[in-house]
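Participant: There's a structure below that I have some questions on.
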Amino acid sequence: MSVSDFAPVLIQVALAAGLAGTILLVSHLFGQRGSKGKIKNSPYECGIKSEGKTSTRFSVKFYITAMLFILFDIEVVFLIPWVLVYRDFLANSIPILGPILFFLAVLVIGLVYEIKKGALEWEK
């Protein structure tokens, strides 16, 4: 392996680092800075001062739904490499359909279980 094999990755890393540095520099140069501590240390968004309570309480159902979304989202991400190498496995006569169908069956069983338990119902 030579350096030219890694050139696209190195270019992407350099661009990401450059973009992050540029955003931090521009935010520092043009960001909200005042002489009063209250303005300087407060977060800002669109130049509008926040009114009322800054933190609100969320229902536990919100967090459960979010965790289930992340769980099933990560499981679906595991399907992407399988899709990309499926032809290679078929060409080499490697049985891959059984394990992936088992994985999908576990995923579907988990989803059915969550639906039966009512974890996806927002209001009861």
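Participant: I'm trying to understand the selection: among the residues of segment 40-67, which are of a type in the set (A, V, I, L, M), within 30 Å of I115 (Cα to Cα) and at pLDDT below 85?
Facilitator: Hits for segment 40-67 are V60, I64.
Participant: Right, here's the next one. Taking the condition of being acidic (D, E), assigned to a loop (DSSP other than H, G, I, E, B) and surrounded by 10 or more Cβ atoms within 10 Å (Cβ to Cβ), how many residues in segment 73-124 meet it?
Facilitator: So the answer is 1.
The values are calculated or read from the model by the stated rules, or taken from the named source; none is laboratory data. The shown structure was predicted, so the numbers you read here are calculated from the model rather than taken from an experiment. Backbone-built Cβ (ideal geometry, glycine too); neighbour counts: all protein chains shown.
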